[in-house]
Amino acid sequence: MRPQHETEIQRLSDMLSKLHAGSLDPQHSAQLSQLACVQLSGILEVLIRQSLGEYTKKRSSPQVTAFALKQLERFQNPNPEKILQLFESFDREWKVQIEEFWSDEIKDAIGSIVANRHLIAHGRPSDVSVVRVRDWLKCTQRFAEFIKKNVLVLNL
């Protein structure tokens, strides 16, 4: 079965392709870009919760797994600092690996996704565009692949 975050990334990518190719007026394009930003923030949360949840299920007792999954439910607003703190709480080496992996581009993209989601959710102006969200989506995909291949798989 395909992980939820992969399905959501593909769905969002398809929507952005249609949006970019379409002829929407600027106001509707901006609104859909904001919606895509909020969804992308949610995708990051799901990616991290699912990945660490699966790791915990494979490595821990049912009691520890239940506790960890409950704690992961509380993980929100996945900015770079929170992501590093969470992964470090599982394994200090994961923090180092992530810091070595993500370039300023990926780290900045994740920070921008969450910062703009916050602005949008609270009704404040945001300059999100289709082009920016597409770039952020590419960075999110690279981060997801890194987590899948280099952090969690090596430790199972």
Each residue of region 59-66 in order: what ³J(HN,Hα) in whole Hz does its phi give by Karplus 6.51 cos²θ - 1.76 cosθ + 1.60, θ = phi - 60°, with x for Gly and Pro?
-> 10, 10, 5, x, 5, 5, 4, 4
If each residue's Cβ is checked for other Cβ atoms within 10 Å, how do ARG59, ARG132, ARG124 rank with the fewest at the top?
-> ARG124, ARG59, ARG132
How large is ³J(HN,Hα) for each residue in region 126-143, as worked out from phi by the Karplus curve 6.51 cos²θ - 1.76 cosθ + 1.60 (θ = phi - 60°), to whole Hz, x for Gly and Pro?
-> 9, 9, 5, 10, 4, 4, 5, 5, 4, 5, 5, 4, 4, 5, 5, 4, 5, 5
Name the most mobile residue of GLN31, GLN39, GLN63, meaning the one with the largest mean-square fluctuation, in a Gaussian network model of the chain with Cα contacts below 10 Å.
-> GLN63
Rounded to the nearest 500, what is the 222 nm mean residue ellipticity of the chain from helices alone, with -39500 (n - 2.57) per DSSP H run of 4+ residues and division by all residues?
-> -26000 deg cm²/dmol
Which of the residue pairs LYS57/LYS138; LYS95/LYS149; LYS107/LYS138; LYS70/LYS138 have a Cα-Cα distance greater than 22 Å in the structure shown?
-> LYS57/LYS138; LYS70/LYS138
Would you work out the charge dipole size for the chain about its Cα centre, treating the Cβ of every Lys and Arg as +1 and the Cβ of every Asp and Glu as -1, and quote it to the nearest 20 debye?
-> 460 debye
The relative contact order of the chain, taking Cα pairs under 8 Å that sit 6 or more residues apart, comes to a percentage of 35 percent
Among LYS107, LYS138, LYS57, determine the one that fluctuates most according to a GNM of the chain built with springs between C-alpha atoms less than 10 Å apart.
-> LYS57
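Only the coordinates and a few stated rules stand behind these numbers; no lab work does. All figures in this text were calculated on a predicted structure; none of them were measured in a lab. For neighbour counting, all protein chains shown are included, and Cβ atoms are generated from backbone atoms with ideal geometry for every residue, glycine included.
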